[in-house]
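Only one structure is covered here, and it is reproduced in the block below.
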Amino acid sequence: MVYIVLDDTGFGDMGCYGSSVSTPNIDSLAKGGLLFNNFQSKAVCSPTRASLLTGRNAHSVGMKELPGGDQGYPHTRGRVPASAANIAQILGRHGYSTFASGKWHLVPREDMTPAGDRTHWPLQKGFDRFHGFLSGWTDQYQPDLVVDNHAVPAPERADYHFSEDIVDQAIAMLSGNLEADSEKPFFLLLAFGATHAPIQVPRRYIERYQGAFDDGWDAVRERRYRRQLELGIIPSGARLPPRNPGDPAWSDLSETERRVYARFMEAYAGFTEHTDEQIGRLISFLGESGQFDNTLIVLISDNGGAPEAGVKGNFARSYGDPTTVEEMHERLDELGGRGTQPLYPRPWAMASSAPFKYYKLWPFNGGVRTPMIVSWPDRIRRPGLREQFVDVIDITPTVLDYLGIEAPEAFDGVCQMPMHGGSMRAAFDDPAAPAPRDTQFFELWGSRGIYHRGWKAVAFHTPGADFESDHWELYNVEADFTETTDLATQYPEKLKELQDLWWIEAEKNGALPQLEAIPMRQRTYNQILAEPAR
């Protein structure tokens, strides 16, 4: 069993979801398995990861947002409590070997030091082995590596790349398991740093896309939307929302800006293709060792495309980079190499999340609706598109359902909170099966959302503003796939129903009191919001 987690990869970034970027290995998983077009993440990495592994809503397990900055309430602790045993812990008690390779990001920074508390590191959370990094991002050439319970120096090889390393390590772990006991089942969490910043990949991958994005983000977004319609991934009546507020038209940019910004996307596309190649190496190993057909693989992204670099983008460092566009232009051939830590300009995140509006961190579909692909040749009899509303909390309960394993009422002497997710097993077998849930709430940095039986209400929160002044919008997402028509004034009673339901669900799932983001997050959010269009 394998969970593959991509980072900051939007709905429209892979070939099977309408992109022109080459992702043949991911596409092959989708072709032989299930491709979901209504999968919901938590719009940012740590809450999605906590929900994936535990089957519970992120607030309930202390992961309201990124770990760090505890605000004094259980939902802000940034550490998953012992009352929420995860999939590795549960499967380990049922005879599975458990491995994690890649990104963790489920501990606050103060726990990552040599003298820090290791209670919430992977080995203490049910994994037999770990090779990766603990924080939110790291340099792909010189990562902050941790092996099992210890920090280790990054390899000094000129050809080293983190994505290649974690797949090497994952294959080695699985090989060792197979050699020790060919009948012993395994669980692997393979969590890439890709395609999160820094966008770093060998130059030959970037050069494969030379000129591919010269017509800019508006044209790329439109092409992806048209391709999604052709593939049937989105409904025929779905409309492409207007460009996001504050994101400039490509035609309004200078020639220098266009040249620089196109290069960012060439690097991102190369990074995506490189990641697909690494996934292909794992698939090949599973096939050659006779394990592929009987291995459940679930591939997701944790949120939509990343907007944090603003309109200009970041070049020398991923966040807070002062490099000017002119300076970027002078060093353009270096982009994606060891001397740079790029994050693309924000409007590329809009194209990444096509056909939806907005991006990572937002409660709209551009933030929360991301790819999910399921492969399991021995069990999936009816491959194809699945349109059921499913949430990341539904993945682990589905796995346990298939295995016939009951979620424990107690684990290591600690009473367990119930899992909040439902099994998707019926949808695996039948494209017309009902969804495992009809209600799901959302909250991040004060912004709110609630889905209920085909309707969705959203309140985008501006940091520092009174929560009571938040503007609510209402969408019939069964009829309006891309959230283009706000029905709040037309159906005030329905909006009030969903607003009331949000408070019920928030209280039930430990999301109260409603809080602002910590000041550091507020500064990031305010910077994104305040940057005007050209």
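Report yes if ARG243 is outside any helix (DSSP H, G or I), surrounded by fewer than 16 Cβ atoms within 10 Å (Cβ to Cβ) and touching a residue at least 12 places away in the same chain (Cβ under 8 Å), otherwise no. Considered against the rule, which asks whether it is outside any helix (DSSP H, G or I), surrounded by fewer than 16 Cβ atoms within 10 Å (Cβ to Cβ) and touching a residue at least 12 places away in the same chain (Cβ under 8 Å), ARG243 comes out as no.
Inspect segment 151-158 for any residue being touching a Lys or Arg at 6+ places or on another chain (Cβ under 8 Å) and either buried (at least 19 other Cβ atoms within 10 Å of the Cβ) or more than 22 Å from GLU65 (Cα to Cα) (or both) and give the result as yes or no. No, segment 151-158 contains no residue that is touching a Lys or Arg at 6+ places or on another chain (Cβ under 8 Å) and either buried (at least 19 other Cβ atoms within 10 Å of the Cβ) or more than 22 Å from GLU65 (Cα to Cα) (or both).
One residue is enough: does segment 72-93 have a residue meeting the conditions of a type in the set (A, V, I, L, M, F, W, C), at pLDDT 95 or above and touching a His at 6+ places or on another chain (Cβ under 9 Å)? Yes, the conditions are met somewhere in segment 72-93.
Set side by side, the residues THR9, THR23 differ, and just one is touching a strand residue (DSSP E or B) at 6+ places or on another chain (Cβ under 7 Å) and under 11 Å from ASP276 (Cβ atoms), which is THR9.
Tallying residues that are within 19 Å of GLN388 (Cα to Cα) and out of contact with any Gly (no Cβ under 6 Å at 6 or more places or on another chain) within segment 1-28 yields 3.
If the condition is being in a helix (DSSP H, G or I) and either more than 15 Å from GLY95 (Cα to Cα) or over 25 Å from the mean Cα position of the chain (by Cα) (or both), then segment 400-413 contributes ASP401, TYR402, LEU403.
A count restricted to segment 430-477 and to residues that are under 25 Å from the mean Cα position of the chain (by Cα) and outside any strand (DSSP E or B) stands at 14.
Selection of segment 258-293 for residues being touching a residue at least 60 places away in the same chain (Cβ under 8 Å), under 18 Å from ILE206 (Cα atoms) and among the charged types (D, E, K, R) yields ARG259, ARG263, GLU266, GLU273, ASP276, GLU277. Looking at segment 115-130, can you tell me whether even one residue there is closer than 26 Å to PRO342 by Cβ, assigned to a strand (DSSP E or B) and not polar (S, T, N, Q)? Within segment 115-130 (the criterion being closer than 26 Å to PRO342 by Cβ, assigned to a strand (DSSP E or B) and not polar (S, T, N, Q)), the answer is no, since none of the residues qualifies.
Quick check, is PHE213 assigned to a loop (DSSP other than H, G, I, E, B) and in contact (Cβ under 8 Å) with a residue 40 or more places away in the chain? Criteria met by PHE213. For segment 24-56, a residue qualifies if it is in a loop (DSSP other than H, G, I, E, B) and surrounded by fewer than 24 Cβ atoms within 10 Å (Cβ to Cβ), and the qualifying residues are GLY33, ASN37, ASN38.
Filtered by the rule that a residue be without any contact (Cβ under 8 Å) to a residue 40 or more places away in the chain and either touching a Pro at 6+ places or on another chain (Cβ under 7 Å) or assigned to a helix (DSSP H, G or I) (or both), segment 163-185 gives ASP165, ASP168, ALA172, GLY176, GLU179, ALA180. Scan segment 339-358 for residues that are at pLDDT 95 or above and farther than 16 Å from TYR261 by Cβ and the total you get is 7.
Given the conditions (1) within 28 Å of PRO47 (Cβ to Cβ); (2) acidic (Asp, Glu); (3) without any contact (Cβ under 8 Å) to a residue 12 or more places away in the chain, and given that ASP302 satisfies all but one, which numbered condition is not satisfied? It is condition (3) that ASP302 fails. When VAL201, VAL220, VAL147, VAL167 are checked against the criterion of being farther than 24 Å from ALA309 by Cβ, buried (at least 22 other Cβ atoms within 10 Å of the Cβ) and at pLDDT 95 or above, VAL167 stands alone in meeting it. So in segment 280-314, with the set limited to residues that are aliphatic (A, V, I, L, M) and part of a loop (DSSP other than H, G, I, E, B), which one is nearest to the chain's Cα centre (by Cα)? Of everything passing the filter in segment 280-314, ALA306 is nearest to the chain's Cα centre (by Cα). If you filter segment 489-531 down to residues that are out of contact with any His (no Cβ under 9 Å at 6 or more places or on another chain), modelled with pLDDT of 95 or more and aliphatic (A, V, I, L, M), you find that the one that is surrounded by the most Cβ atoms within 10 Å (Cβ to Cβ) is LEU495. Of the residues making up segment 311-341, those that are closer than 20 Å to ASP159 by Cβ and crowded, with 18+ Cβ neighbours inside 10 Å are LEU335, GLY336, THR340, GLN341. Checked against (1) closer than 22 Å to SER28 by Cα; (2) among the β-branched types (Val, Ile, Thr); (3) assigned to a helix (DSSP H, G or I), ILE234 meets all criteria but (3).
Take GLY72 and decide whether it is out of contact with any helix residue (DSSP H, G or I) (no Cβ under 9 Å at 6 or more places or on another chain), part of a loop (DSSP other than H, G, I, E, B) and free of Cβ contacts under 8 Å to residues at least 12 places away in the same chain. It is true that GLY72 is out of contact with any helix residue (DSSP H, G or I) (no Cβ under 9 Å at 6 or more places or on another chain), part of a loop (DSSP other than H, G, I, E, B) and free of Cβ contacts under 8 Å to residues at least 12 places away in the same chain. Listed by first and then second residue, the pairs linking a residue in segment 441-466 that is over 17 Å from GLU507 (Cα atoms) to a residue that is of a type in the set (Lys, Arg) and surrounded by fewer than 17 Cβ atoms within 10 Å (Cβ to Cβ), with Cβ atoms under 7 Å apart and 6 or more places separating them unless they lie on different chains, are TRP455/LYS494.
The values are calculated or read from the model by the stated rules, or taken from the named source; none is laboratory data. Note that the coordinates shown come from a computational prediction; the quantities given were computed from them, not determined experimentally. For neighbour counting, all protein chains shown are included, and Cβ atoms are generated from backbone atoms with ideal geometry for every residue, glycine included.
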